[in-house]
Structure formats: structure tokens, C-alpha cells
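Take a look at the structure below.
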Amino acid sequence: MKFLIINGPNLNMLGLREPDIYGKQDFAALEEFIRETCRAEGVEPVLFQSNHEGAIVDAIQAAYGEVDGIVINPAAYTHTSVAILDALKAVRIPAVEVHLSDISKRESFRQISYAGMACIKSFVGLGFEGYRQAILYLKEYLSDKT
Ligand code: DQA
């Protein structure tokens, strides 16, 4: 099983960025956590981070026919990007949304998730663990389908 794991804008600034909200661990630690989780679960990860909306759309389109599932934290684009929502809908690859923080308990502009509308499940407010839960959920979902 091959999963594309997408991290959106400013997540590359983890550690430095609002550590009281996003934690003190940096982005390299998050990527290592994801790789380790995938190793333990026998999943092949393709890690992608970008600060650019179009690059994320391109990565989703390029995943068509290449990966079995997508784990996505679109970061700020969660709340603005119909383009990312449409890309997820276009490729119809099962996708799970992750947010380090609990967006449902934050500012009102974070309450809407466009990408989430194309996802089979969301994990919020669990920090790095949310990515592990997403990978496990997706793996189980895809195993049940085969
Ligand atoms: C985030 C939540 C978003 O609202 C924010 O813009 C981010 C990170 C999270 O992981 O909690 O950049 O997606």
C-alpha cells in the first residue's frame, strides 16, 4: 500500500511556529514520525510539503493511479481552497484529513474545512498522533475494501 502524505503551508515551520498551539517538535521530527509509522504498518510513504496551493493541486493530480490513499493536512488552505477540494474529488483517492490542533475549538474562520468535504475521516487536535491515526484508519479502510 502506498500513501501520499501532504503537508501544507507553514507546517515546515513547526517547532518555531506558535509552539503553544503546534508543539515544540520540528517538521523533520514530524516527517520521521510519519516514516516510522508507515514502516511499522508496512505502508510505503510519499511525503510532500508545499507552501503553494497550486503545487498541492499538482501533487494530488499526479497521485492519480500512483497511490492507494492520501493523508492531508492542508494547513491554512483547509479553510480557503476549493481547488484542493476539487482535486481530491477529481482523483477520487480515499483521503483522510489531519490537523495538529483542534480547529473546531479555534477562530471561526477555521471552522470550515473545504478539503474535509472530500475526506472519509478527519483527525484533529491529536498532534503528531493524528497522522498515525489517519494512516491506521486508511490502511484498515483499504484492507476492508479488498
Ligand atoms: C492546522 C490548522 C490550520 O487552521 C492552520 O492554518 C495550520 C495548521 C493544524 O494542523 O492544526 O496551518 O492545519
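Read-outs: derived from the displayed coordinates by stated rules, not from any lab. All of these numbers come straight from a predicted model, not from anything done at the bench. Cβ: placed from backbone, ideal geometry, glycine included. Neighbour counts: every protein chain shown.
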Checklist entry - Does the range 104-121 hold any residues that are of a type outside the set (Ser, Thr, Tyr) and under 15 Å from Thr80 (Cα atoms), and which are they? => result Glu107, Phe109, Arg110, Gln111, Ile112, Ala115, Gly116, Met117, Ala118
Checklist outcome for this item: Only one of Ala76, Ala40 is aliphatic (A, V, I, L, M), part of a helix (DSSP H, G or I) and either touching a Leu at 6+ places or on another chain (Cβ under 6 Å) or near the ligand (Cβ under 10 Å from one of its atoms) (or both), namely Ala76
Checklist entry - What are the residues in the range 95-110 that are more than 10 Å from the ligand (Cβ to nearest atom) and surrounded by fewer than 19 Cβ atoms within 10 Å (Cβ to Cβ), if any? => result Ser104, Lys105, Ser108
Checklist entry - Do we find a residue being among the basic types (Lys, Arg), surrounded by fewer than 21 Cβ atoms within 10 Å (Cβ to Cβ) and away from the ligand (no atom under 16 Å from the Cβ) anywhere in the range 119-135? => result no
Next on the checklist: Can you tell me which condition Asp86 does not meet? The list is (1) more than 15 Å from the chain's Cα centre (by Cα); (2) assigned to a loop (DSSP other than H, G, I, E, B), and all the others hold.
Outcome noted: (2)
Checklist entry - Taking the range 1-14 as the search range and keeping residues that are under 17 Å from Gly130 (Cβ atoms) and in a loop (DSSP other than H, G, I, E, B), which one is nearest to the ligand (Cβ to nearest atom)? => result Asn10
